[in-house]
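The structure appears below as structure tokens.
The values are calculated or read from the model by the stated rules, or taken from the named source; none is laboratory data. Since we're looking at a predicted model, the values are computed, not measured. Note: ideal-geometry Cβ built from the backbone for every residue, glycine included; neighbour counts use all protein chains shown. Please note that ligands, DNA and RNA were not included when accessible areas were found on the heavy atoms of the full protein model with its side chains. Shrake-Rupley method; radii C 1.70, N 1.55, O 1.52, S 1.80 Å.
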Amino acid sequence: MKKILVLLLAALLCSSLFAKPTANDVTVALAAITDSSICAVAAFLNNPKLELPGCQLFLRDGETLPYAISFSDSDIGTYLPLFQAAKKPAGTSFLDSLLNSAKGPLNDIALQYLTVHDWKLGHAHLDGVAVPYFGESSSLNGLMSAVMMGAPPTIAVATDVTIKGTRVSEPVRVEGVFLIHNDEDGYFEVKPVQLKINGVQKDV
């Protein structure tokens, strides 16, 4: 009986070690990474800054832009209500809408991504680190001005983040580099340029 139990435990351990995420798991994980990256930047640019649960930004002395973003059991399903609360209700004047945009220039984009992917509580929890690169000599004022003028600079984000939750069948670790930019047609886009899923290199 003991031998049978040992064999069963060994089989279970082996299957868990060699389990691969499904195509849906990868799709969900990439959506969680892109949406959380956008939301983290949008929350930082909001005035006053929004505090996303389980998300912390790190700044060096004398610098105005973060050099790292950490996620600690950060539930992406908690983000939407924060951005909705920061948005003025419909029916305000044109001036109010301009002021609202100035206070949160990327909030509408964050809302769009969160709504399209329909994140709910428990769908995706994030753990890990994202390191953004805003460009040489970049500053918060320069970034805000560029975004307000509709010409945001390309931001590179290197990630090592694990996603778990009810929308994935198993934890998915995403190591990669993503570009946040406007595409050739002027549409906002987040695109992976390097990617590993659970340690396996993927073509992008």
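Show me the strands (runs of 3 or more DSSP E) found entirely inside segment 108-204 where at least 3 residues are touching a residue at least 40 places away in the same chain (Cβ under 8 Å) and β-branched (Val, Ile, Thr). Steps first, answer last, please.
Details: elements: 125-133, 155-164, 172-182, 188-197.
So the answer is 155-164, 172-182.
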Exercise. Considering segment 78-90 alone, what residues qualify as being open to solvent by 10 Å² or more (accessible area, probe 1.4 Å) and in contact (Cβ under 8 Å) with a residue 24 or more places away in the chain?
Worked result: 78, 80, 82, 84, 86, 87
For this session: Scan segment 119-138 residue by residue and report those that are open to solvent by 40 Å² or more (accessible area, probe 1.4 Å) and under 19 Å from residue 107 (Cα atoms).
Result: 120
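Yes/no per residue for (1) open to solvent by less than 100 Å² (accessible area, probe 1.4 Å); (2) among the polar types (S, T, N, Q); (3) modelled with pLDDT of 95 or more; (4) over 30 Å from residue 134 (Cβ atoms):
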| residue | (1), (2), (3), (4) |
| --- | --- |
| 6 | yes, no, no, yes |
| 18 | no, no, no, yes |
| 38 | yes, no, no, no |
| 61 | no, no, no, no |
Seminar exercise, completed: Among residues of segment 139-158 being in contact with a Ser or Thr (Cβ under 6 Å, 6 or more places away or on another chain) and surrounded by 14 or more Cβ atoms within 10 Å (Cβ to Cβ), the residue modelled with the highest pLDDT is 157
